[in-house]
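A short worksheet on the structure shown next.
The values are calculated or read from the model by the stated rules, or taken from the named source; none is laboratory data. This one's a predicted model, so the numbers in the text were calculated from it and none came from an experiment. Note that each Cβ is placed from the backbone with ideal geometry, even for glycine, and that neighbours are counted across all protein chains shown.
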Amino acid sequence: MQLKLETRAEPSRLMGWLAPLFAAVLTLIAGFILFSALGRNPVQAFYTFFVYPIRDLNGVAELLLKASPLMLIAVGLACGYRANVWNIGAEGQLTLGAIFAGGVALYFYNSESPLVLPLMIVAGAIGGMLWAAIPAFLRTRFNTSEILTSLMLVYVAVLLLSYLVHGPWRDPQGFNFPQSRQFTESALYPMLISGTRLNASFLLSIAAIAVGYLFLNRSFLGFQMRVAGQADAAARYAGFDARRMVWLGLLIGGATAGLAGVGEVAGPIGQLLPSVSPGYGFAAIIVAFVGRLHPVGILLASLLMSLLYLGGEAAQMGLNLPSAITGLFQGMLLFFLLGSDVFINYQLKLVRASAPAAVAPLGATS
Amino acid sequence: MNTQRITRWAFALAVGTALGSLAAGPAAAQAPLKVGFVYVSPIGDAGWTFQHDQGRKEMEKALAGKVETKYVENVPEGPDAERVIREFAANGYKLVFTTSFGYMNPTIKVAQQFPNTVFLHATGYKTAKNVGIYNARFYEGRYLCGVMAGKMTKSNVAGYVAAFPIPEVLQGINAFTLGMRSVNPKAEVRVIWTNSWYDPGREREAANTLISQGADVLTHHTDSTAVVQAAEEKGKYAFGYHSDMSKYGPKAELSATTHQWGAFYTKVTQEVLAGTWKGTNVWGGIKDGMIKLAPINAAVPKDVVELVASKEKDIGAGKLHPFTGPLKDNAGKERLAAGQTMGDDKLAVMDFYVEGVQGTLPKQ
C-alpha cells in the first residue's frame, strides 16, 4: 500500500480563500506548542508577540510604516504574477527608485521648493521602471527568463548604490563614511500623525491597493493579463499581445517597487545609505502569495508580515527569545499555506500496491 | 457569621499589605538599571556582535543584581533600528548601547525624544548631551599581526578580505601593511572587497582567489570565520578578527585582533548607576585593554613572539605609533613627514592605501 496525491478535477474556490485563514490558525497552534517547548508561558508569549507591539498609537503607526512598502510592492508584483510574469527583482527596482529619488533630492539640496518631493516620486517610479524594463526587453527580444535576469539585476543595483554612496554622492562632511547628506525638509514626505514616523507615503500605498483592485478585477487590460496567465493558448487565440503582457507586468512591478524605494529614502531613512531596504523586495513576494495575488488579501498579508517583524523584536526584548523567531513564524505561515494549497489541488489516496506497483516500483507519484 | 474571625482576617490582610508595601519601598528604590543592547547581526559564536555580547555578559556579571540587560539581535541599519532603540527607551531602559555605525542617525533622533536616557553609540562620530561614542583602535592589533605576517610569509604576499572601504577598514589594511613591511620591506598586501559585512560564501571565494594569487598569509575585515577556514583547508596561515577564531583554524590561525568591550561597558554602566555619567568619547586601544591579541600559535618562532610582545608593550606605552612618518601612499604621495605621527583627526578620515598595498580605491 502506498499514499498517492491525485489531482482534483475542480479545486474548491471557497477553500482557496479559506486556506490563508487555515494557515494562520495552524501557525498559531504550532506557535503555541513552540512557545511551550521553549518554556515560555504561551499566553503571555502570544500577548508579547502579537498584541504588545501595537498597544498604542505609536505601535500602530510603526506597523503601518513597515507594512507600507510591502503592500505597495506586492500589489505591483501581483499584476505581473497574474500574467505569469515572474519579477523576482523588486529589491533591485526599489534600489533604483531610491537612487533616482535620492539623486533629485541631492541635486536640489538647498531648494525649498514644494516641487522637490513630487519630482522625487516621479523619478523614483521611472527608476524602478527602467530597471524592470531590462528583463522585459530581454524576455520579449531574446526569450530570456525574467526570473533569472530580474534577480541578478538586484545585485547590480545594490552595487550601483554602493558605488554612489562610497564615491560621488558621499556626504562631504561625513568623515568618509558611505552615506549621502541627510535630505532637507522639502525632500521628505510630510508626517501623517505627529509624534510617530508614519508619513504620507502610506497614502500612496493605500491608493496603490485601490488602483490595483480596479485594474486587476475591473479593467479589460487586467482581464487580458489574467487570461494570459491562466491560459496562454486562449489568450493568443483571442489575439491578446503576449509581449505587451510581459512589458506591462514588469513595468507595473518596477514602478511600485521604485515608489517603495522613494518611501524609504524620503521617509524614515532620510538619506541614501549603502542599503536602503532590509529585503522588502523579497518579503513582498511572500506577501503577494499569502495575499493570493488579490489586493485586499495583500493588504491583510502585509499587515500580518509587518506584525511578525515587530513581534519578533518584542519577543527578544520581553521574552529573551532569539531573533530567529521572526523567520520561524514567517516560515511556518508559508509552509502551512503551501501545504493547504497541496490539499486544495490534490487529494490524498491510498493505493494498493498490486500489479501496477511492479511497473512503477519506486513509488512514483505525481 | 463569626465577626471575630473576619476582623482577624481583615487585620492580617492590613498588616500584610502594610508589610508588603514596606518591603516594596526600598526594593523599588534599588530596582536594577535596565540596559539595552542593539546588535546588527545574530550573536553566533564569533565575530563583531559576539564580542559585544561577551562584553554585555561580563558587565552583567560584574554588576550582578544592579543591572538587568536585554538585547535585540540582527537589527538592520536604517528605519528598523530607530524603532528598536526607541522601544528600549520607551520601556524604561535608562542606558542603551547601539553597536553598529549605521545606528548613528537613529540613535541621535531617539535621544532627542528621550533626554533622560543615556545612549552609547559604537564607531560613529555624532554626539549629543545624552549620546556618547566609543570605538577601539583596531589598527594597533592589526599592526602586530602584520609584524607576524611579515616574518612568517614565504611568498611575501598577504591577502586581505575586506567589506567596505571606510576609514576604520583602511586603518586596518594600512596598519597591517606597515607592520608587515617594518620587518619585511619586500612584502605586499592584496585586497579583495566583498561589499558585505557578512557573506561567508563570498569571503571564502575571495580567500581562495588571494591564495591562488600567491598569498600565503590571510586576514579579513568581515564578520564570518570563512577566511580562517579557507586558510586552514589550503594549509596557509591566517589572522582572525573580532574574535579568537582558532577553533575554526587550529593550524592556520597564528593570532587574532580581538575586541574587548566588557571592562568599558562595566565602567560606563557604573557611571550611569551612580549618576556621574557626563558623556563618553572613547577611542581605546591596547593601553585600555580594548584590543588584545589572541594566544599566538605554536608555529610562530620564539624570537618573533618576543618581537611582537615588545612592540605590543611599546604601543601600549605610547612609544610606538603604527602610523609614523615618513609615510607614503601607494601612488607615491607623501602623507606624513619623517618623525610625525598621524593625529586622530587624520586617522578618522583615512581614504588612501599606504605603499605596499596593491590596487586603487573608489574616488569621490
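Numbers at a glance
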read-out: Residue that is nearest to the other protein chains (Cβ to nearest Cβ), among those in region B:154-178 that are part of a loop (DSSP other than H, G, I, E, B) and either basic (K, R) or in contact with a Ser or Thr (Cβ under 7 Å, 6 or more places away or on another chain) (or both); value: B:A163
read-out: Residue in region B:316-331 that is more than 23 Å from B:Y160 (Cα to Cα), assigned to a helix (DSSP H, G or I) and among the charged types (D, E, K, R) present; value: no
read-out: Answer residue from region A:155-172, given it is in contact (Cβ under 8 Å) with a residue 24 or more places away in the chain and within 7 Å of chain B (Cβ to nearest Cβ) and is surrounded by the fewest Cβ atoms within 10 Å (Cβ to Cβ) among those; value: A:S162
read-out: Residue within region B:157-172 that is assigned by TED's automatic domain parsing to the domain that holds B:K311 and more than 24 Å from the chain's Cα centre (by Cα) present; value: yes
read-out: Helices (runs of 4 or more DSSP H) wholly inside region A:1-95 containing at least 1 residues that are within 14 Å of chain B (Cβ to nearest Cβ), at pLDDT 90 or above and over 30 Å from A:Q224 (Cα atoms); value: A:57-82
read-out: Residues of region B:85-112 that turn out to be under 22 Å from the mean Cα position of the chain (by Cα), at the interface with chain A (Cβ under 10 Å from one of its Cβ atoms) and not aromatic (F, W, Y), as a count; value: 4
read-out: Members of region A:190-205 that are surrounded by 14 or more Cβ atoms within 10 Å (Cβ to Cβ) and out of contact with any Pro (no Cβ under 6 Å at 6 or more places or on another chain); value: A:M191, A:L192, A:I193, A:T196, A:L198, A:N199, A:S201, A:F202, A:L204, A:S205
read-out: Selection count, region B:115-126, where residues are more than 13 Å from chain A (Cβ to nearest Cβ) and more than 25 Å from B:F50 (Cβ to Cβ); value: 3
read-out: Every residue from region A:173-189 that is surrounded by fewer than 14 Cβ atoms within 10 Å (Cβ to Cβ) and not polar (S, T, N, Q); value: A:E185
read-out: Enumeration of residues in region A:248-295 that are of a type in the set (D, E, K, R) and surrounded by fewer than 22 Cβ atoms within 10 Å (Cβ to Cβ); value: A:R292
read-out: Inter-residue pairs, beta-carbon under 7 Å, first among the acidic types (D, E) and in region A:1-13, second part of a strand (DSSP E or B), 6+ apart; value: A:E6/A:Y346; A:E6/A:Q347; A:E6/A:K349
read-out: Wholly within region B:41-153, strands (runs of 3 or more DSSP E) carrying at least 3 residues that are within 24 Å of A:G311 (Cα to Cα); value: B:67-72, B:95-98
read-out: Selected residue (criterion: farthest from the chain's Cα centre (by Cα)) from residues of region A:1-54 that are surrounded by 12 or more Cβ atoms within 10 Å (Cβ to Cβ), among the small types (G, A, S) and over 26 Å from A:L319 (Cβ atoms); value: A:S12
read-out: Residue under evaluation A:L130, criteria (1) within 30 Å of A:A200 (Cα to Cα); (2) within 14 Å of another protein chain (Cβ to nearest Cβ), criterion not met; value: (2)
read-out: Enumeration of residues in region B:210-253 that are over 17 Å from B:Y139 (Cα atoms) and among the aliphatic types (A, V, I, L, M); value: B:L210, B:I211, B:A215, B:V217, B:A226, B:V227, B:V228, B:A230, B:A231, B:M245, B:A252
read-out: Answer residue from region B:198-229, given it is in contact with a Phe, Trp or Tyr (Cβ under 7 Å, 6 or more places away or on another chain) and more than 9 Å from B:V161 (Cβ to Cβ) and is surrounded by the most Cβ atoms within 10 Å (Cβ to Cβ) among those; value: B:V217
read-out: Among residues of region B:64-79, those that are of a type in the set (A, V, I, L, M, F, W, C) and surrounded by fewer than 19 Cβ atoms within 10 Å (Cβ to Cβ), counted; value: 1
read-out: Matching option when the condition is within 14 Å of chain B (Cβ to nearest Cβ), assigned to a loop (DSSP other than H, G, I, E, B) and closer than 27 Å to B:D80 by Cα, among A:Q330, A:Q271; value: A:Q271
read-out: Which listed residue is part of a helix (DSSP H, G or I), within 20 Å of A:A266 (Cα to Cα) and not basic (K, R), from A:S150, A:S162, A:S194, A:S180; value: A:S162
